[in-house]
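Asks: Okay, here's the structure, questions in a sec.
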Amino acid sequence: MRCIAVLDFETTGLSPAMGDRATEVAIVLMEDGRVVDRFQSLMNAGVRISAFIEAFTGITNEMIQAAPPAEEVMAAASRFVGDAPLVAHNASFDRRFWAAELERLAWDGATPANTHAPFACTMLLSRRLWPEARSFRLGSVAAFHGIGFSGRAHRAMVDAEVAAALLARIQRDLERRYDVFDCRHELLMKLQKSPRAKMAEIIRSYLENVPDGGANAAVSLVAVDLDPVVNRGHTLDRLRDRLGAL
């Protein structure tokens, strides 16, 4: 199975269209359900962080002033991802910032090839697999599965690792329920757009049309090699997950 890149941004607000910028990015590369590499950096986009966002994320203006330029960080992030398909929790949020920040790198109209890459969304997939969870914010659905946070929530690497653990759980459940042994990004994209009642039909149709047989691939998605995580109480769920789930 090819690598999948699980991404998380921290930002100054909710929308790049309103002038908000990224302050931190983290990417976890997963292969066969295991974390194989990580990328993380604060970035200085030349904008101030509000007191609310400082309290929410723990990222201060002083930290950002000492960080490398946003363009430098995003160019490195794009190279790190390469052609790996992208995943995020509440992916519509991260996808907008990923595209907006990479578009600033344009030279003679050219942007990195992965600027507008599609994102699979662990929040949408969670809604289809576990409707009984009720809340699908990252912190809530992680708690539903007993997935802990290794540090402060609302920091990019901590949240990216939790989203990666959630993706691994999604892959395992698709294997257990539907015999999907090769859980590709393309299938995740199809499932997140489908009604829950039609998931089995979509999976069956997809596997019948995968050139190498899909479900017959000798791939195990059971093992997850995440760093040990500690369940730590926190009073705020992710701002973007809360608003994105309204």
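The values are calculated or read from the model by the stated rules, or taken from the named source; none is laboratory data. In this text the structure is predicted, and so the values were computed from the model without any measurement. So basically every Cβ, Gly included, is an ideal-geometry build from the backbone, and we count neighbours across all protein chains shown. For accessibility, only protein heavy atoms count, side chains too; no ligands or nucleic acids. Shrake-Rupley method; radii C 1.70, N 1.55, O 1.52, S 1.80 Å.
Asks: Output yes when any residue across segment 181-201 is open to solvent by less than 30 Å² (accessible area, probe 1.4 Å), modelled with pLDDT of 50 or more and touching a Cys at 6+ places or on another chain (Cβ under 6 Å), and no when none is.
Replies: The answer is yes, given that some residue of segment 181-201 is open to solvent by less than 30 Å² (accessible area, probe 1.4 Å), modelled with pLDDT of 50 or more and touching a Cys at 6+ places or on another chain (Cβ under 6 Å).
Asks: Which fully enclosed helices (runs of 4 or more DSSP H) of segment 1-103 have 3 or more residues being open to solvent by less than 20 Å² (accessible area, probe 1.4 Å), of a type in the set (A, V, I, L, M) and under 16 Å from Ala156 (Cα atoms)?
Replies: Hits in segment 1-103: 70-81.
Asks: What are the residues in segment 1-27 that are out of contact with any Asp or Glu (no Cβ under 6 Å at 6 or more places or on another chain), more than 17 Å from Gln65 (Cβ to Cβ) and modelled with pLDDT of 95 or more, if any?
Replies: Scanning segment 1-27 gives Ile4, Ala5, Val6, Leu14, Ser15, Pro16, Ala17, Met18, Gly19, Asp20, Val25, Ile27.
Asks: What single numbered condition from (1) out of contact with any Leu (no Cβ under 8 Å at 6 or more places or on another chain); (2) free of Cβ contacts under 8 Å to residues at least 40 places away in the same chain; (3) buried (at least 16 other Cβ atoms within 10 Å of the Cβ); (4) of a type in the set (A, V, I, L, M, F, W, C) fails to hold for Ala110?
Replies: Single failed check for Ala110: (3).
Asks: May I pose another question? Would you be able to tell me the number of residues in segment 128-142 that are more than 17 Å from Ala165 (Cβ to Cβ) and not in a helix (DSSP H, G or I)? Explain how you work it out, then say what you get.
Replies: Step one: of segment 128-142, the residues more than 17 Å from Ala165 (Cβ to Cβ) are 128, 131-132, 134-135.
If we keep only those that are not in a helix (DSSP H, G or I) too, we end up with 134-135.
Residues meeting the conditions: 2.
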